[in-house]
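Only one structure is covered here, and it is reproduced in the block below.
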Amino acid sequence: DVKVTQSSRYLVKRTGEKVFLECVQDMDHENMFWYRQDPGLGLRLIYFSYDVKMKEKGDIPEGYSVSREKKERFSLILESASTNQTSMYLCASSFGQGSFRVEAFFGQGTRLTVV
Amino acid sequence: AQTVTQSQPEMSVQEAETVTLSCTYDTSENNYYLFWYKQPPSRQMILVIRQEAYKQQNATENRFSVNFQKAAKSFSLKISDSQLGDTAMYFCAFTNGGATNKLIFGTGTLLAVQP
């Protein structure tokens, strides 16, 4: 089975802190994604990566950055956490172009609270 | 830009009955994939069913089936013989299966199955 693992289920951070959310997948997927989930807004894409060291902005990249130094790991970084970044963060991964298996697999989510 | 719309924020169904969740999307692509994902209260997002746009036949997975209307850009999910374990948030999602397989989500429908 595909496994996508997020490093924390719950995090509480202070305003202004630098926050790292880690995600690891074990299926050799090319693509990895970070989404933010808020009630009534669904899942909004923050950043995605289609290869090591490659990244592209999603719909709401402001206040976030990402790092993908190894294929299996994709990190989301909040440079200076703010209260409006309190949310559920979901990591996902999928095979790349040319694969028949285009569906994404998700981690369990990280509930981040910024106080 | 592609968009996915779910117009039913919440729905309720009695156990053993049938319920249909609606989804519409907008794209100029001819080849793409559509999905329904389920997120139970425990939060792990899992794939329920997928549909390839080039296939005319509607996808079916046990009690779950879709009504895919390509010309109308409609993709509804039918759950037959509803069970208490079907209580969850359901998300409709779209990807063009291109270089990044970026998934675009709707805002979700919260389904409550009543005993």
| task | Please list B:45, A:54 in order of solvent-accessible area, largest first, computed with a 1.4 Å probe with all protein chains present. | result | A:54, B:45
| query | Suppose every K and R has +1 on its Cβ and every D and E has -1 on its Cβ; what is the size of the dipole of chain B about the Cα centre, in Debye to the nearest 20? | reply | 300
| If you place +1 on the Cβ of every Lys and Arg and -1 on the Cβ of every Asp and Glu, how big does the dipole about the Cα centre of chain A come out, in debye to the nearest 20? | 300
| message | I'd like the antiparallel share, as a percent to the nearest 5, of DSSP beta bridges with both residues in chain B. | response | 85
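How do A:26, B:86 rank by accessible surface area computed with a 1.4 Å probe, from largest to smallest?
A:26, B:86
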| remark: Residues whose built amide H sits under 5 Å from the amide H of residue B:59, excluding neighbours closer than 5 in sequence, are B:66
| message | Per residue of the stretch A:24-38, what does 6.51 cos²θ - 1.76 cosθ + 1.60 with θ = phi - 60° give for ³J(HN,Hα)? Whole Hz please, x for Gly and Pro, Karplus curve as stated. | response | 10, 10, 10, 10, 6, 6, 6, 8, 9, 9, 10, 10, 10, 10, 10
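To the nearest 100 Å², how much accessible surface do chains A and B cover up together, summed over both, with a 1.4 Å probe?
The summed interface area works out to 2100 Å².
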| Net charge of Cβ neighbours under 12 Å - reference residue B:64; Lys, Arg +1; Asp, Glu -1 | +1
| Gain in length, residue A:20 to residue A:97, computed as 0.36 nm per residue apart minus the alpha-carbon separation, to one decimal in nm? | 24.9 nm
| message | Between the stretch A:10-42 and the stretch B:61-115, what is the separation of their alpha carbon centroids in Å? | response | 23
| query | Given A:47, A:96, A:84, which one lies farthest toward the positive end of the charge dipole of chain A, if we put +1 on the Cβ of every Lys and Arg and -1 on the Cβ of every Asp and Glu? | reply | A:84
| Could you give the dipole magnitude of the protein assembly as shown about its Cα centre, charging the beta-carbon of Lys and Arg +1 and that of Asp and Glu -1, in debye to the nearest 20? | 400
| Residue-by-residue Karplus 3J(HN,Hα) for the stretch B:33-46, coefficients 6.51, -1.76, 1.60, Hz, glycine and proline x | 10, 10, 9, 10, 10, 10, 10, x, x, 6, 5, 5, 7, 10
| note | Under 14 Å by backbone N from the virtual spin label 7 Å along Cα-to-Cβ at residue B:78, the residues of the stretch B:10-37 are B:17-22
| request: Tabulate in residue order the Karplus-calculated ³J(HN,Hα) for the stretch A:80-93, using 6.51 cos²θ - 1.76 cosθ + 1.60 with θ = phi - 60°, rounded to whole Hz; enter x for Gly and Pro. | output: 8, 4, 10, 4, 6, 9, 5, 5, 9, 10, 10, 9, 9, 9
| query | Taking H as built 1.01 Å from N, whose amide H comes closer than 5 Å to the amide H of residue A:109, not counting residues under 5 places away? | reply | A:6, A:91
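Taking a ≥ b ≥ c as the square roots of the Cα gyration tensor eigenvalues, with a/c under 1.5 meaning rounded and otherwise prolate when a/b beats b/c, else oblate, which class fits the stretch A:1-72?
Judged from the Cα gyration tensor, the stretch A:1-72 comes out rounded (a/c under 1.5).
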| Beta bridges by DSSP in the protein assembly as shown, antiparallel share as percent, to the nearest 5 | 90
| request: Compute, for residue B:20, the solvent-accessible surface of its heavy atoms (probe 1.4 Å) with the complete set of protein chains present, and express it in square angstrom to the nearest 10. | output: 60
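The values are calculated or read from the model by the stated rules, or taken from the named source; none is laboratory data. The structure presented is a predicted model; accordingly, all values stated were derived computationally and were not measured. So basically every Cβ, Gly included, is an ideal-geometry build from the backbone, and we count neighbours across all protein chains shown. For accessibility, only protein heavy atoms count, side chains too; no ligands or nucleic acids. Shrake-Rupley method; radii C 1.70, N 1.55, O 1.52, S 1.80 Å.
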